[in-house]
Each structure stands twice: as C-alpha cells, then as structure tokens.
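The block underneath contains the structure these notes are about, expressed in structure tokens.
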Amino acid sequence: MGHRTGTRVRRSVAPVVDAAVASLGGCDHVDAVAVDLAPGTSAADFARTVLAGTPEWVHGLLTVRDKLMSPFGLHVQKRVAPDEIRVEPGARLGPFRVLTVSDDEVLAGDNDKHLDFRTSVAVREGAAGLEGVCTTVVRYHRRAGHLYFRVIQPFHNLILPRVVARARS
C-alpha cells in the first residue's frame, strides 16, 4: 500500500477526508493519497507545496486536455506560476477554485457540465506524526461525466501520488 521514501512513508491509499465527500452531497468516485509532513505544516502550506511542485509534463497533459475539451464547453485550465499561488477563498489554482481555507484543510474544486469535483488538501495527526492527505471526490452528471472521468482516471492515478509525494517532509 505504501512506498518507503527515505525514512518517511508515502501512502498510495489513505482514509479519505469526509468533509470533501460531504461538500458534494455524495459521490461517484473518491480516492486519497497521504504523505508524512514536518511538524507545524498548515493545510495552506501543504496545498501551496503540492501545487507549486506540479511537474512540467503534467502541465503539458493539461494543455492537451484543454485543447481537446474546449470545443465541448468545458473549463480551460489557467496555469498559475508558483510565486502567484494564493491559497484563499475564491482564488483560482488551475482547475481548482479555492472554496474554504482553515488551519487543517483547504477545500477546492469546481462544477462543470459533465461532473463536479472537490479536492481536499488536509493535515491531520497520523500514526507517525503529522500527515498531509489529498482527497479527490467526483460526482458525475449524466453518462458523459462518467465516460470523461474513465478517460482521465489513469492520468489522475499517475499524477496525484507523484505530486503529493513532492510535499513529504
């Protein structure tokens, strides 16, 4: 389940953050990835580190996705430079709109024609100390949302653990 990285562990599967699921009133897909964090890391710090650490190849994939999906009226991702990342309600962070910010959770997401999604970037006490958990929740609209997510899910499963792992202590 987890992968040893130095003396810390990155968990590919983690208990989800329930607030993310509740924010959509239910879901069709949910997953979570966790990493050990340095003591004192806030949810905003964790979110900033995760978002600033997105590799260039991920931005390239998102650019391709935007070109393919824009004729269907789906949101186009706006790239945010690491020094422009603002973790505050209403800020846009690529595909995410920050919804709420507290010391222990940043909830972001959006609603689109084909699906609604939320991402919770949370910090909590884990078995080995402070851990950061990134929970993704998706609710489909019609069959199109389900089909779209089935296409992007392998990329999501490839990208998310790698991006979150960059934030480990």
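The values are calculated or read from the model by the stated rules, or taken from the named source; none is laboratory data. What you see is a predicted model; the values in this text were computed from it and never measured. Here the Cβ positions follow ideal geometry from the backbone for every residue, glycine too, while neighbour counts run over all protein chains shown.
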Review point. Take the residues of the range 28-56 that are at pLDDT below 90 and polar (S, T, N, Q): which is surrounded by the fewest Cβ atoms within 10 Å (Cβ to Cβ)?
Key: T54
Check your understanding: If you check every pair at least six apart or on different chains, which have Cβ atoms under 8 Å apart with a residue in the range 99-114 that is under 18 Å from R150 (Cα atoms) first and a residue that is of a type in the set (G, A, S) second?
Key -> K113/G73; K113/A144; H114/A144; H114/G145
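Would you confirm, using the coordinates I've provided, whether R124 is of a type in the set (D, E, K, R) and over 20 Å from V35 (Cβ atoms)? Don't jump to the end; show me each part of the working.
On the way: of a type in the set (D, E, K, R): yes; over 20 Å from V35 (Cβ atoms): no.
So R124 fails the test.
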Point to revise | Close pairs from the range 142-154: first over 16 Å from V64 (Cα atoms), partner modelled with pLDDT under 85 and in a helix (DSSP H, G or I), Cβ under 9 Å, at least 6 apart | key: A144/F72
